[in-house]
Amino acid sequence: MKVVVGPGQYVRNPGILADAGLYIRNFGTTAILIGGNTSRQVIEEPLRRSLEEQEIILKQSLWYGGESSQSNIDRLIDQLKSETFDVLIAAGGGKALDTVKAVAYQLEKPLVAIPTIAATCAAATPISIIYSDEGEFLEISRNAKAPEMVLVDSNIILEAPVRYLVAGIGDTLAKWFETKCSIKKAVPNAINQTAIAIAGQLYQTLLKSGKAAVQSIQEQTLTNELEDIIDAVILVSGSVSGYGGDDCRTAAAHAIYSGLTIFPEIHDTYHGEIVAFGILAQLCMEGLEAGEVRSLIEYYQEVDLPYTLQQMGIKELTSEQWKQLGEITVTIEDMENMPFAVTPEMVVTSVQKADEIGTTILAATNQR
């Protein structure tokens, strides 16, 4: 049995970026930074200063390419394979981190991740989600590594747009709903039962502190609730997959997310926002009463998660597009983790039902 629970070390503190060099020096004296353009603008100057204080040379600062695509991964590997350096530093959101995790795996280099938003658990998992250069989901790649260290500066998360945290809450909600589905196919053991227990506690943390954490960013005040949600989204969420492995993987909610990425109009909606809608569709697929779906939507309204297709930019789909969505979604690896066989027709029906429930609630809310 092989279990990769998460990163080797996780450190979260306000202002930790100023001390980043103290941690990174354990991996060598030369480094390469790869990340998003915005994230590098935010962290590069204080990071470079901290590295210099520890006599670490930042040899290059590179843009990851904008998508976690194989072409961007290959381009970065080609750029760096003849470069001499000790450690890779990844900065940014999920796609940037996933790209560098794949690069570090291929180059066999230690990796330090500095997430600049709390939108996914990418910093704590040993997989990379691979997209086309246009942003369409392609596959879950195991040719990636969990970082040796994750450094989270709470002040940087606080100053990021609140929508990223909301998306992180949506993505993390799925850990409970998907894990309690996928585990039905597994033989119970100490590790996967630990994973489902963590997922349950994670869900309770989101319900308890999610709204307050969102308010913290809106009011630009660092609170215990915000730091709890940062840890929940980035670290604890990843540990569910780490302990559960293939027994506790993503399921219909993420498969529906991946299927919806075939529509370009949804590409301005964040991963966790789409996954949150996918949870509603998964609940409909499982046969839950509409009242239970409505209850979850009430929480979505508290933290401002989308719960209709229209809120995600999809105003109308043709019958051919619905057919395409159903057919593609059932081919996604995540869907195999559902405890029953899923047909394209079931996907379409569940998405339409979730959207119908959400649209009715949205209309009633707008009339108030």
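Would you please name the GluC sites (Glu not before Pro) within region 1-75 that are DSSP coil residues with at most 15 other C-beta atoms within 10 Å of their C-beta? Mind dumping the intermediate values first?
Numbers: sites: Glu44, Glu52, Glu53, Glu55, Glu67; in loops: Glu55, Glu67.
Answer by residue number: Glu55.
Using a probe of 1.4 angstrom and keeping all protein chains present, the accessible surface of the chain works out to 42 square angstrom per residue. Here region 178-304 is assigned +1 on the Cβ of each Lys and Arg and -1 on the Cβ of each Asp and Glu. Its dipole about the Cα centre then comes out at about 500 debye. Relative contact order of the chain: 16 percent, from C-alpha pairs under 8 Å at least 6 residues apart in sequence.
Relative contact order of region 244-368, taken over Cα pairs closer than 8 Å and 6 or more residues apart, is 36 percent. Averaging the Cα positions of each part gives two centres, and for region 264-314 and region 209-262 these lie 15 Å apart.
About the centre of its Cα atoms, the chain shows a dipole size close to 600 debye [charges on the beta carbon of Lys, Arg (+1) and Asp, Glu (-1) only; nearest 20 debye]. In summary, the lysines within cross-link reach of Lys59, defined as a Cα separation below 23 angstrom excluding same-chain residues under 8 places away, comprise Lys81, Lys95, Lys101, Lys109, Lys145.
Couplings 3J(HN,Hα) for region 189-197, derived from phi with the Karplus relation 6.51 cos²θ - 1.76 cosθ + 1.60 (θ = phi - 60°), are 8, 4, 6, 6, 6, 5, 4, 5, 5 Hz, where x marks Gly and Pro. Taking amide H as placed 1.01 Å from N in the peptide plane, the amide H of Glu139 sits under 5 Å from that of Ile130, each at least 5 places away or on another chain.
For the chain, adding -39500 (n - 2.57) for each run of n ≥ 4 DSSP H residues and dividing by the number of residues yields -16500 deg cm²/dmol at 222 nm. Within region 77-165, the GluC sites (Glu not before Pro) that combine a DSSP coil assignment with at most 15 other C-beta atoms in a 10 angstrom radius are Glu83, Glu108, Glu134.
The amide H of Gln60, built 1.01 Å from its N in the peptide plane, has Leu33 as neighbours under 5 Å, considering only residues 5 or more places off or on other chains.
Backbone geometry of region 206-216 corresponds, through the Karplus equation with coefficients 6.51, -1.76 and 1.60 at θ = phi - 60°, to 3J(HN,Hα) couplings of 5, 5, 6, 10, x, 4, 5, 5, 4, 4, 4 Hz, x marking Gly and Pro.
For Arg12, the residues 5 or more places off, or on other chains, whose built amide H falls under 5 Å of its own are Val152. Each eigenvalue of the Cα gyration tensor of region 269-368, multiplied by 5 and square-rooted, gives one semi-axis; in descending order these are 22, 15, 13 Å.
Using DSSP to call loops (not H, G, I, E or B), can you name the trypsin sites (Lys or Arg not before Pro) in region 93-166 whose Cβ has at most 13 other Cβ atoms within 10 angstrom? Don't skip to the end; give the middle numbers.
On the way: sites: Lys95, Lys101, Arg142, Lys145, Arg163; in loops: Arg142, Lys145.
Loop-located and lightly packed - Arg142.
With θ taken as phi - 60° and the Karplus curve 6.51 cos²θ - 1.76 cosθ + 1.60 applied, the whole-hertz 3J(HN,Hα) list for region 256-268 is 5, 3, 4, x, 5, 5, 6, 9, x, 5, 8, 5, 8 Hz, x standing for glycine and proline.
A viscosity of 1.567 mPa s and a temperature of 4 °C, combined with the Kirkwood radius over Cα pairs in Stokes-Einstein, give a translational diffusion coefficient for the chain of 62 µm²/s.
The values are calculated or read from the model by the stated rules, or taken from the named source; none is laboratory data. The shown structure was predicted, so the numbers you read here are calculated from the model rather than taken from an experiment. Methodologically, a virtual Cβ is constructed for each residue, glycine included, from the backbone with ideal geometry; neighbour enumeration extends over all protein chains shown. Accessible surface is based on the protein model in full, side chains and every heavy atom, while ligands, DNA and RNA are left aside. Shrake-Rupley method; radii C 1.70, N 1.55, O 1.52, S 1.80 Å.
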